[in-house]
1. Restricting attention to the range 62-72, which residues are without any contact (Cβ under 8 Å) to a residue 40 or more places away in the chain, within 14 Å of Lys117 (Cβ to Cβ) and not in a strand (DSSP E or B)?
2. Considering the range 85-115 alone, what residues qualify as being in a loop (DSSP other than H, G, I, E, B) and more than 15 Å from Thr64 (Cβ to Cβ)?
3. If we scan the range 80-96, do we find a residue that is in contact with a Gly (Cβ under 7 Å, 6 or more places away or on another chain), modelled with pLDDT of 95 or more and basic (Lys, Arg)?
4. How many residues does the range 88-123 contain that are over 19 Å from Asp55 (Cα atoms), among the hydrophobic types (A, V, I, L, M, F, W, C) and surrounded by fewer than 17 Cβ atoms within 10 Å (Cβ to Cβ)?
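The values are calculated or read from the model by the stated rules, or taken from the named source; none is laboratory data. Remember, it's a predicted structure, so these values are computed and weren't measured experimentally. FYI the Cβ positions are ideal-geometry reconstructions off the backbone, even for glycines, and counts take in every protein chain you see.
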Amino acid sequence: MALGRGSAVVLLLSLCFLLLHSHMAHAATYTVGGTGGWTFNTVAWPKGKRFKAGDTLVFRYSPTLHNVVAVNRGGYDGCTTPRGSKVYTSGNDQIRLAKGQNYFICNFVGHCQAGMKIAVTAA
């Protein structure tokens, strides 16, 4: 049985949707810092975890005490907020990981230096 051009397009779009849906269905959600949430000394929290692009990190914290800033490697290493960095302040931020290195800090004075930062590698 031969498929018409329209049927072939519908079939192709359906397959693409199934692949995308399958990938999203396997994404995981992680609460940064576990039950303690996003706080001091979370720098080691990612160790031993396997992250994938599309996984979601949930940062829970008091927005009057902390924030979350997505930074580059320089911002992470130097505990600085480079121009154009995305700052989150809700206290319940959900951030989807990009493939490769993802860096996050709290940029309240002294917090990053006290270990309130994480580096996450997503495959």
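1. Asn72, the sole residue that qualifies.
2. Ser85, Leu97, Ala98, Lys99, Gly110, Cys112, Gln113, Ala114, Gly115
3. The answer is yes, given that some residue of the range 80-96 is in contact with a Gly (Cβ under 7 Å, 6 or more places away or on another chain), modelled with pLDDT of 95 or more and basic (Lys, Arg).
4. So the count comes out to 3.
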